[in-house]
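Asks: Please find one structure pasted underneath; my questions will follow.
The values are calculated or read from the model by the stated rules, or taken from the named source; none is laboratory data. On a predicted model such as this, the values are computed, not experimentally measured, just so you know. We place every Cβ from the backbone using ideal geometry, glycine too, and count neighbours over all the protein chains shown. Keep in mind that these areas ignore ligands, DNA and RNA; they rest on the heavy atoms of the full protein, side chains included. Shrake-Rupley method; radii C 1.70, N 1.55, O 1.52, S 1.80 Å.
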Amino acid sequence: MVKHQPLQVYERQLCLSCITGIYGCRWKRYQRSHDDTTKWELLWSLILLLTFCLLLVWFYFWWEAHNDYNEFNWFLYNRSGVWSDGTAPILATTAAGFTYVAFLMVLALCHIALGQQLNLHWLHKIGVTAALLTTIVGVISVNQTWRQEWDVIPISLQATGPFLHLGALAAVTALSWIVAGQVTRAERTSTFASVSILCALLGLYVMPLYITSPCIMEPADLKPRPDVIGQQGAPMLAPENTLWSFQRALQMNVTGLEADVTISVDGVPFLMHDRTLRRTTDVEKVFPDRRMDEASSFNWTDLQQLNAGQWFLQDDPFWTVRTLSQHETALIANQCVCSLEQLLRLASYHNSTVVFRLRRPPPEHPCYDSWINDTLQAVQQSGVPQSLVMWTPDEHRAQVRQQAPALIQTSVEKLSPQSLNQSGISRLLLRYNQASTEDIRHVNVTLYTVNEPWLYSVLWCSGVSSVSSEAPHILRKVPYPIWLMRPNGYCLIWVSADLISFVVVIGIFVFQKYRMSGMHSYNPEQIMLSATVRRSSRDISVMKEKLIFSEVRNGVGSAEELYADNDYDYYTNQGIGQ
């Protein structure tokens, strides 16, 4: 007679079931496998990793591009003719896609750590493919329409590089636990994994040699705080290019004001950023037949009839209207188009610098030839000291210097110091990604548009003398660079982090080797016998029947097939009785 050992009693593995179920829809024990992952599934794992890396860069790009969201929305407005916050859906979809792919990456790592076969479900494959293709389309679109914004990545790395390096070092050190487990189990992929983790660690150990940041410097070498110029006033708190916007900027202790100037049909320079009046005035209500006309085609009398504040309350371009008081809301609702002379009088009263970019009217405009003289006349009539005005148009500079020699000659194009001296230009007004360290050292440079504290801190450490900002109320709260680190201190942190990581990795491999060798010292049958629960024969029979019938109802033919599919041993002790 043959006596069979009672079936081993298995505990429910809820965590493992959730991991394999969510990743590959393998909820049952017999569906899981410790076999090697197929080449097809390895390919999908690589696609998942590629998608995660691409989304990580994409998410980081949009996170740091927050400084230029208004610029992006303005680009969209010029293409569509409708003002909307185009960054909101992009951020929402990017965050959702990154969270989803990162979650799948964590599940994949858990499969590797537990020795489970990778088998990504087809629904997840569709989701990963959609995330990958959407991100690629987004990258191509940005490269075609907003290519200059890619420069924000290397610039932002000057502020985040040291901290990203430490985070990456900690992450790769933690991943060595999984690699050490594969090596000790002597899996076929362990060689590739160990080589990859070794190369990654070596790269991270020496990466600080290539990390440069102006904020790694001696505090004694830090230059004075850069002056802040209110670009179009304080457009996050009040409608751009209005008197109230400039007054709000002056309340934030700015040292200068910046505006865009257009010439009206009767020769009055006024402030307007767009070529039309649709976005920032109620021209569609007052002059519905002329809503698409250029701003320079209106005379000053018509311009004074337009409201330049209601649009701000309706569109809420910076999501700040809810923070305004009733008094501020009433003032904004009654704002009108501002003339250059009004701005200059306000700046003169507060002894503030004024920089304006003058746009030449079209050839058919009555002031096409007299636009420089009309603007100079407005400057002289305002009574502002010429030493407070930064003159940017390149046309007729010699004539301008003769009529107003005290004006600060400023160029909006990047020129060499020799060209600047020959042209009598003393300052540059450039976008923040156009100026190099050499430009900052040898030329008086004002950089725009600087809204984020991290960017302001990097430029401060670089030695920039002034910046133009749409958010003077935010930069006002930055009395010192966000971080400043001595070179010796950073070197100490770098070496200490590398040594700690090296010691931890060695300790992980030693511990994994010790843990696995201890497990291998036992006979599998002894482990099974020692794990058997002492129960009465009746309890064991009932448990067998429940287990077998439960699995049969789920489509499993026999207990032997069940345990064979799950890499569990079905032990029997055979006794031969006569």
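Asks: Could we say that V379 is open to solvent by less than 20 Å² (accessible area, probe 1.4 Å) and either modelled with pLDDT of 95 or more or in the same structural domain as E452 (by the TED database) (or both) here?
Replies: Against the criterion (open to solvent by less than 20 Å² (accessible area, probe 1.4 Å) and either modelled with pLDDT of 95 or more or in the same structural domain as E452 (by the TED database) (or both)), V379 qualifies.
Asks: Oh, and also: Does any residue in the stretch 118-131 that is under 12 Å from W40 (Cα atoms) come within less than 7 Å, Cβ to Cβ, of a residue that is assigned to a loop (DSSP other than H, G, I, E, B) and open to solvent by 30 Å² or more (accessible area, probe 1.4 Å) six or more places away or on a different chain, and which pairs are these?
Replies: L118/T37
Asks: For the subset of the stretch 338-361 comprising residues that are touching a strand residue (DSSP E or B) at 6+ places or on another chain (Cβ under 7 Å) and over 18 Å from I408 (Cβ atoms), which member is surrounded by the most Cβ atoms within 10 Å (Cβ to Cβ)?
Replies: Step by step, filter the stretch 338-361, then rank; the result is C338.
Asks: Name the residue that is most open to solvent (accessible area, probe 1.4 Å), counting only residues in the stretch 362-376 that are in contact (Cβ under 8 Å) with a residue 60 or more places away in the chain and part of a helix (DSSP H, G or I).
Replies: D374
Asks: Looking only at the stretch 22-52, how many residues end up being part of a helix (DSSP H, G or I) and open to solvent by less than 60 Å² (accessible area, probe 1.4 Å)?
Replies: Going through the stretch 22-52 one residue at a time, the tally reaches 11.
Asks: Within the stretch 267-305, can you find the residues that are assigned to a loop (DSSP other than H, G, I, E, B), touching a Cys at 6+ places or on another chain (Cβ under 7 Å) and surrounded by 15 or more Cβ atoms within 10 Å (Cβ to Cβ)?
Replies: Matches in the stretch 267-305: G267 only.
Asks: Next up: Against the definition (assigned to a loop (DSSP other than H, G, I, E, B), open to solvent by 50 Å² or more (accessible area, probe 1.4 Å), β-branched (V, I, T) and more than 24 Å from Y448 (Cβ to Cβ)), how does V106 come out, yes or no?
Replies: No: the conditions fail for V106.
Asks: Keeping to the stretch 312-337, report how many residues are under 29 Å from the mean Cα position of the chain (by Cα) and closer than 18 Å to Q232 by Cα.
Replies: Residues in the stretch 312-337 being under 29 Å from the mean Cα position of the chain (by Cα) and closer than 18 Å to Q232 by Cα: 9 in total.
Asks: When you scan the stretch 224-240, do you find a residue that is touching a helix residue (DSSP H, G or I) at 6+ places or on another chain (Cβ under 7 Å) and outside any loop (DSSP other than H, G, I, E, B), even just one?
Replies: Yes, the conditions are met somewhere in the stretch 224-240.
Asks: Are any residues in the stretch 37-61 modelled with pLDDT under 95 and either outside the structural domain of A130 (by the TED database) or hydroxyl-bearing (S, T, Y) (or both), and if so, which ones?
Replies: T37, T38, S45 - these are the residues of the stretch 37-61 that are modelled with pLDDT under 95 and either outside the structural domain of A130 (by the TED database) or hydroxyl-bearing (S, T, Y) (or both).
Asks: Look at the stretch 74-96 and say how many of its residues are touching a residue at least 60 places away in the same chain (Cβ under 8 Å) and surrounded by 18 or more Cβ atoms within 10 Å (Cβ to Cβ).
Replies: 1
Asks: Let me ask you something else. Considering each of I527, I474 in turn, give the residue that is assigned to a helix (DSSP H, G or I), modelled with pLDDT of 80 or more and surrounded by 12 or more Cβ atoms within 10 Å (Cβ to Cβ).
Replies: I474
Asks: With the requirement that a residue be β-branched (V, I, T) and not in a helix (DSSP H, G or I), what does the stretch 477-514 give you?
Replies: The answer is V478, I482.
Asks: Taking the stretch 412-443 as the search range and keeping residues that are open to solvent by 60 Å² or more (accessible area, probe 1.4 Å) and touching a strand residue (DSSP E or B) at 6+ places or on another chain (Cβ under 9 Å), which one is nearest to S387 (Cα to Cα)?
Replies: S426
Asks: Answer yes or no as to whether V445 is of a type in the set (A, V, I, L, M), under 30 Å from L250 (Cα atoms) and at pLDDT below 95.
Replies: Yes, satisfied.
Asks: Let me ask something additional. Please indicate, with yes or no, whether at least one residue in the stretch 336-349 is in a loop (DSSP other than H, G, I, E, B), in contact with a Pro (Cβ under 7 Å, 6 or more places away or on another chain) and of a type outside the set (F, W, Y).
Replies: Checked against the condition, which is being in a loop (DSSP other than H, G, I, E, B), in contact with a Pro (Cβ under 7 Å, 6 or more places away or on another chain) and of a type outside the set (F, W, Y), the stretch 336-349 yields no hits at all.
Asks: Out of all the residues in the stretch 126-162, which are of a type in the set (D, E, K, R) and surrounded by 14 or more Cβ atoms within 10 Å (Cβ to Cβ)?
Replies: Correct list: E149 only.
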